[in-house]
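The values are calculated or read from the model by the stated rules, or taken from the named source; none is laboratory data. For clarity, every value in this text was computed on a predicted model and none was experimentally measured. Cβ: placed from backbone, ideal geometry, glycine included. Neighbour counts: every protein chain shown. Calculation scope for accessible area: heavy atoms of the full protein, side chains included, ligands and nucleic acids excluded. Shrake-Rupley method; radii C 1.70, N 1.55, O 1.52, S 1.80 Å.
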Amino acid sequence: MRYPDDTAGTRAQRAAVARSRGATHPPGHIIWDRPGYLVRRLHQIHVAMFLGRVAEGKVTPIQYGLLSILVRRPNIDQLTIGEELGLDRANVADILKRLEARKLVARVVDPGNRRRKLCLATARGAELVRRHHADMQASQAQLLAPLAPAEREVFMALLSRLVERNNASGRTSLSDRPEAAVPPTRAAAPCGRSAEH
């Protein structure tokens with residue numbers, strides 16, 4: 001059964017109520033009780049929102065996130081970037097290659113260790129981050145808009161807890177750093193997986 005206001009939020013809410021009453025799932029919604037599915041779907045929605053607002057869709061959330069890190073922390077290596085984003089070395093190398101081809105990132109040999117390359121955002125890359133910062137923030141706000149302000153804080157706190165406590169179970173782990181605990185009102189740039197490169 002569909003309702004006039006049959007948005008993802010109301011469907012999810014009805015599914016939760018139905019589960020609590022022992023009811024079966026409505027047709028077509030048999031996996032709405034799986035958190036992994038809902039997280040993945042929410043991520044897809046976020047990517048679409050981000051691409052619709054930021055840089056005319058010419059940069060993905062993960063690319064923008066990587067550039068943001070390099071603007072804040074220039075001259076770090078690929079391993080450190082991977083730890084910041086929770087990505088493996090191959091994915092980081094692929095993203096860097098794409099950004100380097102667009103002259104948004106440069107890689108230079110580390111004078112202290114010639115086998116290591118250091119990464120930095122070019123002036124063009126830094127300008128892209130600066131110019132689209134407000135758009136990036138707007139995409140984050142759009143994602144959370146269906147929630148009341150107090151719900152947003154709870155959602156961000158629970159989401160952060162799930163990531164932190166399950167971090168070691170991922171293919172790659174985020175680094176443990178103080179900035180990881182970002183207050184809900186200052187959400188960091190989004191992270192993602194290789195499909196977004």
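Listed by first and then second residue, the pairs linking a residue in region 132-149 that is farther than 10 Å from Y64 by Cβ to a residue that is open to solvent by 70 Å² or more (accessible area, probe 1.4 Å) and in a helix (DSSP H, G or I), with Cβ atoms under 8 Å apart and 6 or more places separating them unless they lie on different chains, are A138/R53; Q142/R53; L144/R152.
Among the residues that make up region 97-104, is at least one of them under 30 Å from E164 (Cβ atoms), in contact (Cβ under 8 Å) with a residue 60 or more places away in the chain and either within 23 Å of the chain's Cα centre (by Cα) or surrounded by 15 or more Cβ atoms within 10 Å (Cβ to Cβ) (or both)? Yes, region 97-104 contains a residue that is under 30 Å from E164 (Cβ atoms), in contact (Cβ under 8 Å) with a residue 60 or more places away in the chain and either within 23 Å of the chain's Cα centre (by Cα) or surrounded by 15 or more Cβ atoms within 10 Å (Cβ to Cβ) (or both). For the subset of region 112-165 comprising residues that are within 15 Å of the chain's Cα centre (by Cα) and among the acidic types (D, E), which member is most open to solvent (accessible area, probe 1.4 Å)? Among those that are within 15 Å of the chain's Cα centre (by Cα) and among the acidic types (D, E), it is E164.
Residues are listed down the side, and each one gets a yes or a no for (1) modelled with pLDDT under 95; (2) within 18 Å of R89 (Cα to Cα):
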| position | (1), (2) |
| --- | --- |
| A123 | no, no |
| H133 | no, no |
| E153 | no, no |
| L158 | no, no |
| V163 | yes, no |
| A168 | yes, yes |
